[in-house]
Amino acid sequence: MNVIPSRRAAGVTYAIRYVERFAQARRAAGKDILNLNIGDPAKYDFDVPAHLKTAVKKALNDKNYYSPSAGLDEARDAVAKHHGVSMQDVFITGGVTEAIQIILNVLLNPQDAVMLPKPTYPLYTAQCMALGLKYVYYPTDDQWQPTVHTVPANAKALVVINPNNPTGAVYSKKILKNIVNIAATNKFVLIADEIYDHMVFEEHTPLAKIVKDEVPLVTLNGLSKNFLAPGWRIGWMALKNMETGLLTDAIQNLLESKLCAPTPFQFAIKPALTGSQKHIPQMVRKLKKRRDYVYKRLNEIPGMSCTKPGGAFYAFPKIPAEDDYNFVRRLCEETGVLCVHGSGFGKPGHMRVVFLPQEKVLEEAMERIEGFVRNLKGR
Ligand SMILES: Cc1ncc(COP(=O)(O)O)c(C=O)c1O
């Protein structure tokens, strides 16, 4: 029997993982694939800080129970102190992914819309599809800085991803202030996804520093990037300028319907936020070297141009082809370099390149991309 999926489910796509299909035939033929598609530092030469592993290993001895749905008190307290909010305003989730799902679900009715940057991180659009919610894009300029001019009447929330995935842009204070003013005038909630906030090569300002009491703010963060533990599935949301009441009750209810985030891994949150941070400068030094190399090489390829990523580990060059999907598919099939097409982030004519791998791999990848583009021109 051919069972038809719901329209909601059939509309969900997540390009970052979808592109693995491009690699299947080449992998099956025993040829190599250079994965520049997934932003997973733990797949490369980055490791979870030892004191976090120790905390989790200890918890695995006798802390294997369900935690409260909002998270362990010790973890909520550490996050609350870190963000300068009260413990009642903090919820621990199964990665930032679950926090995104919950906050969109809690804030939006079907007629409402969430404003997303273009290009965007496709988890937001995927979750909107899955939940049957509307989104509208706001534009960014040629440096990928947001330029929010018009606000639809049904806007209920606006997402700021800073540092940005897929562009690596870090937003200026001026831009952030402008967004806060627009949110205050139009009365919508701001959602700040700052999961890469320690992975920066220039000054980064958390949105919570700009927001005083004029708008409600939800800050999202977690252990996946800054603390190099994406497989642990630990994230959180911290609310500012929202009274405890109907909204927090709804968040609590949704979290109860998911039981809880993995308990033993929640024991890493306090040591992450209050313990040694010495892995951060080491990590940033490594990333900056790789950023510099990839930025230079991409800009040397004829027909490609790239702005300098100020944070995270992504470059988002313009490519010499209109059909970015087929460009990325053929690049993978012919050279083994797997990137993600820009249209997967809502921005055709580009592709996203992850610069997490060691220099040797990046050099090989850049050689192959360059060869592919030169060959393309000759065809
Ligand atoms: C901007 C952004 N938000 C959220 C996530 C998902 O994070 P988590 O692993 O905490 O679910 C990612 C992962 O790449 C991301 O880039």
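Values quoted throughout were computed directly from the atomic coordinates according to the rules given, and no laboratory measurement underlies them. Since we're looking at a predicted model, the values are computed, not measured. Cβ: placed from backbone, ideal geometry, glycine included. Neighbour counts: every protein chain shown.
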Can you tell me the equivalent ellipsoid semi-axes for segment 182-244? Use √(5λ) from the Cα gyration tensor, largest first, whole Å. 25, 15, 8
Using θ = phi - 60° and Karplus 6.51 cos²θ - 1.76 cosθ + 1.60, couplings along segment 258-269 (whole Hz; Gly, Pro as x): 10, 6, 6, 6, x, 4, x, 6, 5, 5, 8, 5
When the Cα atoms of segment 128-196 are enclosed in a convex hull and the volume is divided per residue, what value in Å³ results? 102
Rg followed by Dmax, in Å, when segment 80-200 is reduced to its Cα trace: 14.1, 40
Signed unit charges on C-beta, dipole axis of the chain, positive-most listed residue Ala28, Cys306, Ile175: Ala28
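Determine the shape class of segment 164-270: with a ≥ b ≥ c the square roots of the Cα gyration tensor eigenvalues, call it rounded for a/c under 1.5, and otherwise prolate if a/b is greater than b/c, oblate otherwise. Kindly include the intermediate steps, with their values, before the conclusion.
Numbers: a/c = 2.58, a/b = 1.16, b/c = 2.23.
Cα axes put segment 164-270 in the oblate bin.
When DSSP assigns beta bridges and you keep just the ones with both residues in the chain, what percent turn out antiparallel, to the nearest 5?
50
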Could you go through segment 323-330 in sequence order and give the Karplus-derived ³J(HN,Hα) for each residue, using 6.51 cos²θ - 1.76 cosθ + 1.60 with θ = phi - 60°, rounded to whole Hz, and x for Gly and Pro? 8, 5, 4, 6, 4, 5, 5, 5
When Ile92, Ile102 are arranged by how many other beta-carbons sit within 10 Å of their Cβ, fewest first, they go Ile102, Ile92
On C-alpha positions alone, give me the angle between the axis of helix 359-378 and the longest principal axis of the chain, in degrees, nearest 10. 50
How big is segment 311-350 on each of its three principal axes, counting only the C-alpha atoms and giving the largest first in Å? 30, 20, 16
Which value results for Rg/Rh of the chain when Rg is the Cα radius of gyration and Rh the Kirkwood radius based on the inverse mean 1/r? 0.96
Cα coordinate range in segment 239-379, projected on the principal axes (Å, largest first): 63, 35, 28
Excluding same-chain residues fewer than 8 positions from Lys58, which aspartates and glutamates have a Cα within less than 16 Å of its Cα? Glu74
Compute the Cα gyration tensor for segment 250-311, then decide on rounded, prolate or oblate, letting a ≥ b ≥ c be the square roots of its eigenvalues: rounded whenever a/c is under 1.5, prolate when a/b is larger than b/c in the other cases, and oblate in all that remain. oblate
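A 22 angstrom limit on the alpha carbon distance is what I want to check against. Which of Lys212/Lys347; Lys225/Lys308; Lys177/Lys296 exceed it? Spell out each step's value before the answer.
Values: Lys212/Lys347 33 Å; Lys225/Lys308 20 Å; Lys177/Lys296 32 Å.
Pairs exceeding the cut-off: Lys212/Lys347; Lys177/Lys296.
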How large is ³J(HN,Hα) for each residue in segment 350-357, as worked out from phi by the Karplus curve 6.51 cos²θ - 1.76 cosθ + 1.60 (θ = phi - 60°), to whole Hz, x for Gly and Pro? 9, 8, 9, 10, 8, 9, 6, x
What shape does segment 35-126 have by the C-alpha gyration tensor, where a ≥ b ≥ c are the square roots of the eigenvalues, rounded means a/c under 1.5, and otherwise prolate means a/b greater than b/c and oblate the rest? oblate
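Rule-of-thumb check for segment 50-274: C-alpha Rg over 2.2 N^0.38 Å?
Numbers: Rg = 17.0 Å, N = 225, 2.2 N^0.38 = 17.2 Å.
That works out to 0.99 for segment 50-274.
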Between 0 and 90 degrees, rounded to the nearest ten: what's the tilt of helix 246-256 against the longest Cα principal axis of the chain? 70
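Show me 199-206, 37-44, 3-10 ranked by packing, highest mean number of other Cβ atoms within 10 Å first.
On the way: 199-206: 16.8, 37-44: 19.0, 3-10: 9.1.
Packing order, densest peptide first, comes out as 37-44, 199-206, 3-10.
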Please list, ordered by chain and number, the residues whose modelled amide H lies under 5 Å from the amide H of Val337; skip anything fewer than 5 residues away on the same chain. Leu34
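Grab the DSSP H runs of the chain that are 4 residues or longer, score each as -39,500 (n - 2.57), total them, divide by all residues and round the 222 nm result to the nearest 500 deg cm²/dmol.
Details: 15 runs with 157 residues, N = 379.
The helix contribution divided over the chain gives -12500 deg cm²/dmol.
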Which one of Arg27, Arg329, Arg76 has the biggest mean-square fluctuation once the chain is modelled by GNM with Cα springs under 10 Å? Arg27
Name the residues of segment 224-241 whose amide N is less than 19 Å from a point 7 angstrom out from the Cα of Asn64 along the C-beta direction? 232-233
Exceeding 30 Å between C-alpha atoms, which entries from my cross-link table qualify? They are Lys187/Lys289; Lys174/Lys288; Lys209/Lys286. Lys187/Lys289
